Amino acid sequence: MQLTPAQRQTLSWLLIALAGVLLVWLLSPVLTPFLIAGVLAYMLLPPVERLVRRRVPRVLAVTVVEVLAFVIMLAVLLLIVPIISKELPLLREQLPLLAEKLNTNVSPWLAQFGIQVALDGASIKAFVVKYLGANVEDGLAAALSSARIGGSFVLALIGNAVLIPAVLFYLLMDWPQLSKRAHNLIPPRLRDRVNSFLDESDTMLGQYLRGQLLVMVILAVYYSVGLALFGFDLAVPVGVFTGLAVFIPYLGFGLGMVLALLAGVLQFASWYGLVAVAVVYGIGQVLESFFLTPRLVGERIGINPLTVIFALLAFGHLAGFVGVLIALPVCAVLVVAAGRLHRLYVESKLYRG
C-alpha cells in the first residue's frame, strides 16, 4: 500500500510523539524534579507576573514568590510532626486497651447476630512492642534500612532539595522567552487554532486550581475550628491536613476523617470522640458538596471529581509520582479536546444526517 506524502508526514509525527512518550516514561525518575519545578512554575507564574506588572524587578518578584511558596509548603509538611509525636505514644498505650474493650463489650453484642470477632491481646501487645515501641528516629532508620535505600534516599532528597528551587527560579525568570520559543515552533498556519486550544485548557485548569485552593483553605479553617470546639488536642494539624487533602476528592476526605477518628479515640477513649468527628465531618461534607464546590469550583469547568480521581490513579499507576504531577494538566487538555471533538461531531453532517 502506497502512502501519500500527507499520510507519511502524519505517521512520522505519530512516531515522534510515541518516541517522546516512551522517552519520558523511561526517564521519569530523572525528570521528576524538573516536572515538579515545572508544575510549581505554572502555579506561581500569575503572582510573579502581577508583581512584574507593578514594576517590581523580575528577579525580586521571582525570589519573593518562590521563598513564600517554599515557606508555606514547609509549614504544611511540618503539620505531620505533631500528629506523629502525639498519636504514636497514645496509640502505643491505648491499642491493647481498645482490643480488650472490643472483646469485652462489642464482641458479645456482635455474637448475637452470628458475627464472631475476637482480638488476640497478646499478639497486639507483641506488635506494639515490636513496631511502636521505638521512637520516631529509630523507626525511620529501620524503615530506610529495611528498604535498602538509606544512603541513596538521603542523597536523592538533598539533590532534589537543591535542584528543584534552582530549576523553578530559572523557569520563572525565563518563562516569557521559553513561551515565545515554543510558540515559534508551531507552524504559522496552525498557530491560531493551537493558541486557542491552549488558552482554553489554561483557563479551565486555572479556574479549577484557584477554586479548589479556596475550598481547601476554607475547609482547613472549618475543620480546625470545629475539632477545637470539641476539645481535640490535635485540632489544628488534623483540620489543616483534612482541608488540604480534599484536593483528592473523596479519598482525601476519607483519610482526614480516619486521622480525626484515631485522634478522638486515643484522646477521649469513649464515644465522645466518634460523635464529635461524625458531627464535624458530616457538616463539612455537606458544606463542601452543596455550597463550596458548586460555587467556587463550579460544574461549568467540566472536570468531574470522578475524572480527577481516575486521572490521578491512572497516571500514578503508569508513571508513578511523575504521573501524579502531570495528571491534572493532561486531564484539562483532554477535557478541552473532548469538548471540541464533541462540538465538531454535533456540527458535522454525520450527526445531522
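The values are calculated or read from the model by the stated rules, or taken from the named source; none is laboratory data. These figures come from a predicted structure and were not determined experimentally. Glycine gets a Cβ as well: all are built from the backbone with ideal geometry, and neighbour counts include every protein chain shown. Just the protein is used for accessible areas: all its heavy atoms, side chains included, with ligands, DNA and RNA removed. Shrake-Rupley method; radii C 1.70, N 1.55, O 1.52, S 1.80 Å.
Here is how the numbers come out for the structure above:
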read-out: Accessible area of segment 29-72 belonging to carbon and sulfur atoms, whole % at 1.4 Å probe; value: 76 percent
read-out: Exposure rank, largest accessible area first [E200, E288, E347; 1.4 Å]; value: E347, E200, E288
read-out: V221 paired with D174, simple spin-label distance in nm, labels 7 Å along Cα-to-beta-carbon; value: 4.0 nm
read-out: Shape of segment 221-303, Cα gyration tensor, a/c cut at 1.5; value: prolate
read-out: Length-normalised contact order for segment 162-319 - Cα pairs under 8 Å, 6+ apart - percent; value: 21 percent
read-out: Additional length obtainable on full extension of the chain from L334 to L22, 0.36 nm per residue less Cα span; value: 110.4 nm
read-out: FRET efficiency, L185 to V279 (Cβ-Cβ, R0 56 Å, nearest 0.05); value: 0.50
read-out: Largest-first ordering by accessible area, 1.4 Å probe, given options T4, T242; value: T4, T242
read-out: Relative packing of peptides 57-66, 164-173, 336-345 - highest average C-beta neighbours within 10 Å first; value: 164-173, 57-66, 336-345
